[in-house]
Structure formats: C-alpha cells, structure tokens
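None of the figures in this text is laboratory data; all of them are computed from the coordinates on show. As the structure is a computational prediction, the values presented were derived from the model and not from experiment. Counting neighbours? That spans all protein chains shown, and the Cβs are built from the backbone with ideal geometry, glycine included.
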C-alpha cells in the first residue's frame, strides 16, 4: 500500500458523472481543487468498497464527499458523519464492503490508514435515469456543500 | 396464515436489490422473486453522441466491470468501422483483459462468494465477510489477494490509463503499446498470478471439497438447474474471454447454436416482464417458455460455469487440468450445480494468468504496430466479450458521420436474470420449510444468486456504510410479524 504520499490530507469524492445528482461530490471536488490548498490531494472516483483501501491508504486525514439517499432528509440537506456512525446507522449503502469493514481490514493487514476520516454527504433523490446534469435543488445546495467542505478543511489540525 | 418475507438489500451483491419470498399457509415457499431497481435510458442517453465516445462512456455504467464495457465497446467500434485490428493490438487488448479477469474473479471469490464457504453458510452474518475469511485462512492470504489485485490494476493503469476510466481501445487498435522493460515487469505479475491461482484451487480443495457437508451443498438439487449454456469459444472450442464465436449447448451438452457476434440477433431475443426493467434474453429458436429449465426452455445461462460447460476445455495446461478435475468431481459435463460457478471462476482465473504469460512471452507484444486506421464509412457494429459475469453485447448503429442513432446493450446479468430468478425460487423452496426462517437459511437463499456474481449497477452511489440485511416476514394482511436484521 502507499506509504510514500507527498501530502497527508486527501479529499476523496465518490460518485458517477452520468448518474445525475450522484455526481454532486464530483462537481464539488473540482471546484475545491480549483480553489486549491497546500498539502491536499483532491481525487474523485466511481469506485467504492475495496478500492477505498487503496485510495485512502498512506494519508493521515481524509475528507470523504458523497451523496446519500436516506429518504428521511429533504433533498439538498448536508449531512456530516464519522465512520463510527455507520456501526449504528441503518445505512443505504448498496456496496459489498462498507467503510467500517475497510477500516477494520486495514487494521488487520497493518496497512497505513488515516487516523481521521470525516464524511460530508448530500441527500439526493435516487437517480433512475442517466443524466449529466444536476437537478435544480442539488445545484442550489452545491455552494453550501462546497463552503462546508472548505470550512472542514480549514479547521483540520 | 400466508407470510411474506423480504430480504432487502441483498448483501455482497454488486449493486442492490430485494428478494421477496411468499409463504403459503403451511409455511412453505410458494413463490420467490428477485427485484432490482435498474437505471433506465442508457440507450437514449447515448443517441446523438459520436460513437468513438462509447468506450469512454460505457465504463461509467458501473464501477464494477468498466474494462468489460470498454472492451466490448472497442470491439463494437472495430465492427462499426469495418476495420480489423492489428495482431499486436489484439494481443495487447487481451493482455489488459486477462489482468482484469484475474482481479475481478478473485475479488468475487474471496470477498463476495468466499465467505459462504470459507466461513460457512450458517455462520453468524457478522462473520460472513472478508474479515471472517481472514479469521479462517489467515492475514497472509488476504494480503496476497490485495497485492495481486494491486499489481493487476497497476498493469492496467500503465497500459490503459485509469482502471475505472480506460482510454485504451480505439477502432482498429489501441492507444499505446508496451516497452521491453514493461514486458519484463508484467511477466512477474503473470508468474505471481499463476502461483496464486494454484494456491486458490488448492484452498478450494481443502476448504470445500474435503468438507462433505459443503460438497453435498454444492450438489444439492435445490441449487441445480438443467439449462442451456452460452459462451465465447476460440477455433478449438476452448474458453476465450476476448474473441471468438458464441457457442450454445443444450442441457445435455450438445451444440445447438454457434454464431459470429454480428449474427446474435438471429439467435437471441429479449423477453420483458411488467415487474422488472431488466430484460430476460432467451434463445430465439426455442422461444420464451417462462422461468423454467430443460431443453424445451429458451433460458440460457452465462458466466464461468456456463462458459466451461459450453467449451470443450481450456486453452492452457494448468487450467485444463483444473477443468478436468472439476468435471470429474461434479459427475461429468455439463455440470448444473449453480454453486459450482465459484469453482469454475477459479479455473478461469488460472487460465487468465497462464494466458497473460503466453501473451507476454510473444515477441510481437512489444511491436509498435498497434493500430490499423479505419477507412470505411461506419454504419452498424456489434462487439461481444465475456465479462466476468457472462456474455456482454454492445450493438451500435450510426449515420455516415459516426453519430449514434441506435444503441442496444445486453449485459451479462441480463443473460442470467431468468436463471437467477429460478435459482432464488428453487433455493427458497428447498431451504425454507414449515415457516422456519432464520438468518442462516436466508443466507443460503442468497447463495443461490451470489454464485452468478450478478452486477446490478447501483441506482445511486451512496455512503460507504455498513451493508444491512433485513428480512421482514409479513402476514397476509401485510403486518410485520417477524424481523431479522444484521
């Protein structure tokens, strides 16, 4: 696994750019990248599960940007989680390997994994058609999402 | 009192779905369905785009098998522009594809399907995952899986750009060749993959074949269907992932169709059901006779065991030996045991590793003759590859300028959609009796479809949290009378 990262902080956006609002984190990370910040890597990916192990290893701190469809919050709501939340929260994750499993796997395999993982997600309606545009409510909420992500990055220790 | 059991979402499936099981008054299973929320409209989304964009767009359909879509799409462009790729280009494509098959098959075996056998089908749900597998076989094995996966992905990145967004295939060739130095590096990966394939087959032997209960489970009639089988074969009728004719054999193993990719519509048709957006492909000559097996049914299975059943063997020596041992143990060919798909997956991973080495030992692999430039006017093309999960078809129509006017994709999970529905129902009927439902029994129902390694692209990418399994048992009025959650 990567132990030779040139930076210690990663902003990792998860999503799919042809699945409508699922791309919200991808758009956010592009804007954050343009705004720039010393010592931070900005990465986006369509993958999840085991791929997170490879993408996140070697960093000290990770801010994960993603979308979520809990169905219990209004669309556009910004939610902040820590990995511990997923042990209790009934997640809507459809992937075969969740973040708690990835963290535990890294531990068991002695892989250098971030000490601090924060997750910033936006509630979206499940997209059922292919599209390369965000819906109006998500587009409207995007600046707040970016602002919140920027604040979290500024507050990093 | 009638009961309704719901398992939602399905664990360790690539994507998501829901199983609904309906019990009769005696508590036995009357019907069972697998329902999957599918994204709609990819074909419409594609129309009006330049066809050459498709190898870059189609991998985005799903984050699980981007290379399969990229390769099927690239081959479709060859066909569309009526151009034959150079020999080196074909070998380079097959090299990338072999690396992809290796990493994908092991991900499934160790992370998705493996827990059922290595940890045990009746083990607590919290242990039926890769962490449970590590507990049984040790940390070193998991480290080796991750190391080999990383090596294969690095190889693919070197050749094709990002694994998830390959920029490699072009009509008539590929975008990049490999140097002698890279060839030597990749040969080490191939050697490692061959050794790991041997290790994995031995592990299967130790953990599954030496356990009488597991062997009985594999051979249990609840997990068997006598169907037709389909897969790509080379000119010697050996399994091939990248190219060849599509061969179809009957439940008795007799060849009933063999056709070039361009002719697929003469042999394959698609059935639709009102309760699903998934289409159910079937053999046109036999016709759609419903969700039923046997020689009179048009249902055809795809993916590893189906490919092995379809072919006369494997094209490399170690894989051929593993192939022969598998059929000897399963009682001959074709084998109908759905859980044996896991075994066939390991046989195929062995072949992919050996094939990778063969390709790298061919001096032509470092040639710079990597592309034949198209000169024809595009009109209609078909590209077929064997994805890890089964036969994958891309079919495009364009105008004279190469702008897409019509697109049809039949993905691997489509081919297995009807068999999966049948397998889920049969397993549920075999495992759940007298209203007795528990976590282990429900897992054994799930095992019926997990063996196919189905991929239902996620309708929405969501937080990487914990994957829950919920079983709800309803009475005939819809009231929940039992809930199993883990």
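Observations, loosely collected:
- Degrees between helix B:341-360 axis and first principal axis of chain B (Cα, 0 to 90, nearest 10): 10 degrees
- Most tightly packed first, judged by the mean number of other beta-carbon atoms within 10 Å of their residues, the peptides B:301-310, B:314-323, A:29-38 read B:301-310, B:314-323, A:29-38.
- Measuring r between the beta carbons of residue B:265 and residue A:38 and using R0 = 60 Å, the FRET efficiency lands at 0.55.
- In this simple spin-label approximation, residue A:110 and residue B:182 carry label points 7 Å from Cα along the Cα→Cβ vector, and these lie 3.4 nm apart.
- Orientation-averaged projected area, Cα convex hull of the protein assembly as shown (nm²): 27.1 nm²
- Both numbers refer to the Cα atoms of region A:9-154; Rg and Dmax are 14.6, 44 Å.
- Here B:397, B:186 are placed in order of increasing Cβ neighbour count within 10 Å, fewest first, which gives B:397, B:186.
- Counting Cβ atoms of other protein chains within 10 Å of each residue's Cβ and taking the mean over peptide A:42-52 gives 5.
- The stretch between residue A:60 and residue A:148, if pulled fully straight at 0.36 nm per residue, gains 29.6 nm over its current Cα-Cα span.
- On Cα atoms only, tilt of B:439-450 relative to the major axis of chain B in degrees: 30 degrees
- Inter-probe distance in nm under a simple model that places probes 7 Å from Cα toward Cβ, at residue B:379 and residue B:136: 5.5 nm
- Most mobile listed residue (A:43, A:24, A:11) in chain A, GNM with C-alpha springs under 10 Å: A:43
- Computed E for residue B:211/residue B:28 - FRET, C-beta separation, R0 35 angstrom, nearest 0.05: 0.80
- Considering helices alone, the calculated mean residue ellipticity of the protein assembly as shown at 222 nm is -11000 deg cm²/dmol, with DSSP H runs of length four and up weighted by -39500 (n - 2.57) and normalised per residue.
- Rg and Dmax of chain B, Cα atoms only, in Å: 22.0, 71
- Gain on full stretching of the segment that runs from residue B:49 to residue B:405 - 0.36 nm per residue minus C-alpha separation: 127.3 nm
- Relative contact order of chain B, taken over Cα pairs closer than 8 Å and 6 or more residues apart, is 27 percent.
- Using a Gaussian network model of chain A in which every pair of alpha carbons under 10 angstrom is joined by a spring, one finds that among A:118, A:108, A:139 the greatest mean-square fluctuation is at A:108.
- Extended-chain gain in nm, criterion 0.36 nm per residue less alpha-carbon gap, residue B:273 and residue B:56: 75.0 nm
- Gyration tensor verdict on region B:29-128 (Cα atoms; rounded if a/c is under 1.5, prolate if a/b is larger than b/c, oblate otherwise): oblate
- Among B:432-444, A:125-137, A:45-57, B:347-359, sorting by the average number of other beta carbon atoms lying within 10 angstrom of each residue, highest first, gives B:347-359, A:45-57, B:432-444, A:125-137.
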